[in-house]
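This report refers to the structure that appears directly beneath it.
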Amino acid sequence: MIQSAVLAVVLQRFQAGVRAVAALAALALVFHAAPSAAEEGDRTALQKIKQAGVLSVALYKDYAPFSDDGKGIDVDLAQALAAKLGVKMSPVWFTAGEKVDDDLRKMVWKGTPLSSPADLLMHVPVDRQYMARIEQAKVFGAYHRERFALGRDLEKLPTLDNLDPFATLQIGAEAESMGTLVILSADGGRYRENLRIFKSPDEAIAALKSGKVAAALGELGQLESGVGGDARFAIDAPPHPVLKMQQWVLGLAVKADSEDLAAALQTAMDELMADGTVARIMTSHGVKHRQP
């Protein structure tokens, strides 16, 4: 009996020891696998993205044909960029602020009280003077050139050399856009009564297609996607010097210190431009690619 009792105690202690050793081994694996705060801080932006296997990309909501309802040019392009890095693309949808500065602050370098910034923001104006004054973000990777345009109903406006027809015919434009401001002030406000203001370019284009307005002002890409290829409509440069000359280049933005990520994305974009991927994506959404 005594020998049995002793044997039971020894066996119990042995089992407890095995469990303790196993627990210590597991704990050692956890500490070995999990990076320290210092190690985490030493990783570059690109290294973190590749380890996570995900590139988070900020995309504008309600901005067809570039990004709207989960699809668009910028969505497809972001997926192609992520594939070049060997990771998946995770979209972060957001509503545009009053200025691009607001979007960069919220989506690139600071975040919001409820969310962290994304790794990348699409559809950023590439402008040297603007880039020179923003220290917290790096803007690069030009991939497309946009400008203002005017879509017109050919039956109502067979030709259009100036704004005179809008003294009697209605023209649509997005609220608070440059097009709206120009039409409101042009020729001493002569066309103000016939300007129809819409919440979005999509609504202005829909009004053109339904015959509610004779013409619609917007970005060329938006009009190409909306009425391009429809024989009832023509798309021209707006017959006003301010809108006719206005053009801008679209690119990418990352946090200023994400230098290796910016370099990798620039290389990826160069390859996508060179092999025709960017042009094919544009064409698939009804937009002609314009070299920046």
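The values are calculated or read from the model by the stated rules, or taken from the named source; none is laboratory data. Since the structure is predicted, the reported quantities are computational estimates derived from the model, not experimental observations. As a convention, Cβ positions derive from the backbone with ideal geometry for all residues, glycine included, and neighbour counts pool all protein chains shown.
Could you give me the residue pairs with C-beta distances under 6 Å whose first residue belongs to segment 216-236 and is within 18 Å of Ser177 (Cβ to Cβ) and not assigned by TED's automatic domain parsing to the domain that holds Pro125, whose second residue is at pLDDT below 95 and crowded, with 22+ Cβ neighbours inside 10 Å wherever it lies, and which are 6+ apart or on separate chains?
Leu217/Gly179; Gly218/Pro201; Gln222/Pro201
Scan segment 170-192 for residues that are touching a Leu at 6+ places or on another chain (Cβ under 8 Å) and of a type in the set (Ser, Thr, Tyr) and jot them down.
Passing the criteria: Ser177, Thr180, Tyr191.
So if I check each of Leu261, Leu195, Leu252, which one is closer than 17 Å to Phe148 by Cβ, in contact with a Leu (Cβ under 8 Å, 6 or more places away or on another chain) and modelled with pLDDT of 95 or more?
So the residue among Leu261, Leu195, Leu252 that is closer than 17 Å to Phe148 by Cβ, in contact with a Leu (Cβ under 8 Å, 6 or more places away or on another chain) and modelled with pLDDT of 95 or more is Leu195.
Would you check which residues across segment 181-218 are surrounded by fewer than 20 Cβ atoms within 10 Å (Cβ to Cβ) and of a type in the set (Ser, Thr, Tyr) and list them?
Correct list: Ser185, Ser200, Ser210.
Tell me, which helices (runs of 4 or more DSSP H) wholly within segment 8-119 include 3 or more residues that are modelled with pLDDT of 95 or more and surrounded by 13 or more Cβ atoms within 10 Å (Cβ to Cβ)? Talk me through it step by step, then tell me what you get.
On the way: elements: 37-42, 45-52, 73-85, 100-104.
Counting at least 3 such residues, we get 45-52, 73-85.
Within the bounds of segment 145-158, is there any residue that is buried (at least 19 other Cβ atoms within 10 Å of the Cβ), out of contact with any Phe, Trp or Tyr (no Cβ under 9 Å at 6 or more places or on another chain) and either part of a helix (DSSP H, G or I) or hydroxyl-bearing (Ser, Thr, Tyr) (or both)?
no
Out of all the residues in segment 133-143, is one or more β-branched (Val, Ile, Thr) and outside the structural domain of Met269 (by TED's automatic domain parsing)?
Taking segment 133-143 first, the residues β-branched (Val, Ile, Thr) are 134, 139.
With the extra rule that they be outside the structural domain of Met269 (by TED's automatic domain parsing), the set shrinks to none.
No, the conditions are met nowhere in segment 133-143.
Inside segment 140-179, can you point out the residues that are modelled with pLDDT under 95 and not charged (D, E, K, R)?
Selection gives Ala175, Ser177, Met178, Gly179.
Starting from segment 129-144, take each residue that is without any contact (Cβ under 8 Å) to a residue 60 or more places away in the chain and under 15 Å from Ala263 (Cβ atoms) and list its partners that are in a strand (DSSP E or B) and among the acidic types (Asp, Glu), counting only C-beta distances under 9 angstrom and pairs at least six apart or across chains.
The qualifying pairs do not exist here.
Considering each residue of segment 215-266, count those that are β-branched (Val, Ile, Thr) and out of contact with any helix residue (DSSP H, G or I) (no Cβ under 8 Å at 6 or more places or on another chain), and give that number.
Of the residues in segment 215-266, the ones β-branched (Val, Ile, Thr) are 227, 235, 242, 249, 254.
Within this subset, residues satisfying the condition of being out of contact with any helix residue (DSSP H, G or I) (no Cβ under 8 Å at 6 or more places or on another chain) are 249.
Going through segment 215-266 one residue at a time, the tally reaches 1.
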